[in-house]
Amino acid sequence: MGRIYLCVFLLGLLLPSINARRDKFFRKDYTYIEELNAFYKVHWDSSGDTWDSAFLACNDEEANLFYPKQKEEWGPVKVLMQNMTEQPNVTDIFVGYHNKYHLGEFITVDGHATPYPLIKDVIDNSMDQCILMSINTGEFRISPCARDPESPLPFFCKKEIQEDMSCPTVDKGYKYSTELRRCYKVNKTPKLWSEAVQTCYMEGGMLVLAETSEELQKLSRFVESGTYSSGFRKLYPREEYYTLAGQKFKGEINKYQPVERYNNYGEPEMVYGTCGAIEISRGARSSTESCDTYRPFICQMEISKD
């Protein structure tokens, strides 16, 4: 476990100064296709064993399961598939059309009618049906919504751009704070500290860090009350705390949260948390807790200095 946290910390040392990008940006693992003005990511993993799990994988990344709004959209997507280092031995992908509500017709993943006729086959309203698309031809066919877990299908996640670039990302979860002059996003789904670090990094940001009482108070006026993971942690064998940017944490830690664990002899012992947190109530303060605690977290993103 210690090696995992050390790797996460070293990842923080490699973080660049996150300034506004002149190019459009969503996540580090998404590819922007200019002619479609959208971001795409191909998944080929166990989440492709059902349509539902594919939908959830995209939703977790705040994107949608891809479907072509124009018939020609499959072309650039095909190129992304061809550029994969390891090519799937399949010709079909899940797309965001389904008949899960048994309406007598297929609808899109975002609840709309299909943008054009998909197939001539008769829909079976007695069962859930989903649509597969041939990556080679762009043609559609009806399929069950679940696959053999041993042979999952690839699928694409898509993030469309809405032209409000006050924050240097198309992720609308980021909001600009005029007091702190940064963009912040509250992730309400609890994650481990290491997972929170990774999520913020992939989004182009950094796990929130506030080292002065002034920053903490301003932050408390910007987000709801709660305890959130923060971007600092203890590095053994030292008793000092370091930030994800590789600097000593300069803030005051007002509360060290003890955690009960059992030693090798089965005896209970109290240990103090080594990962950073911010407690926001009527005010705000820095604290520590176990790195194995699931917490909501805040990502921060710098904006242009221009």
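None of the figures in this text is laboratory data; all of them are computed from the coordinates on show. Bear in mind that the values here come from a model prediction, so they are computed numbers and not experimental data. Here Cβ is always computed from backbone atoms with ideal geometry, including for glycine, and neighbour counts include all displayed protein chains.
Quick notes
- Total formal charge among the other residues, if their Cβ is under 13 angstrom from that of ASP121, Lys/Arg +1 and Asp/Glu -1: -1
- Whole-number percent relative contact order across the range 114-216, with pairs defined as alpha carbons under 8 Å at least 6 apart: 11 percent
- Anchor LYS248: aspartates and glutamates whose Cα lies under 19 Å away (excluding residues fewer than 8 positions away in-chain): GLU211, GLU214, GLU215, GLU239, GLU240, GLU289
- Here the Karplus curve 6.51 cos²θ - 1.76 cosθ + 1.60, taken at θ = phi - 60°, turns the phi angles of the range 280-285 into couplings of 10, 10, 6, x, 7, 8 Hz, with x standing for Gly and Pro.
- Of LYS41/LYS69; LYS41/LYS78; LYS69/LYS188; LYS24/LYS158; LYS24/LYS159; LYS185/LYS218, those spanning more than 19 Å from alpha-carbon to alpha-carbon: LYS69/LYS188
- For the range 31-160, radius of gyration divided by Kirkwood radius, i.e. Rg to Rh on alpha-carbons: 0.93
- Relative contact order for the range 24-115: 20 percent, from Cα pairs under 8 Å spaced at least 6 residues apart, divided by residue count.
- Net charge, ALA146 excluded, C-beta distance under 13 Å - Lys, Arg +1, Asp, Glu -1: -3
- Model label sites at LYS28 and LYS248, defined 7 Å from Cα along the beta-carbon direction, differ in position by 2.8 nm.
- Around SER53: net Lys/Arg minus Asp/Glu count, Cβ-Cβ under 11 Å: -3
- Difference of contour (0.36 nm per residue) and Cα-Cα distance, ARG282 to GLU179: 35.3 nm
- Likely footprinting exposure, MET133, MET81, fewest C-beta neighbours within 10 Å first: MET81, MET133
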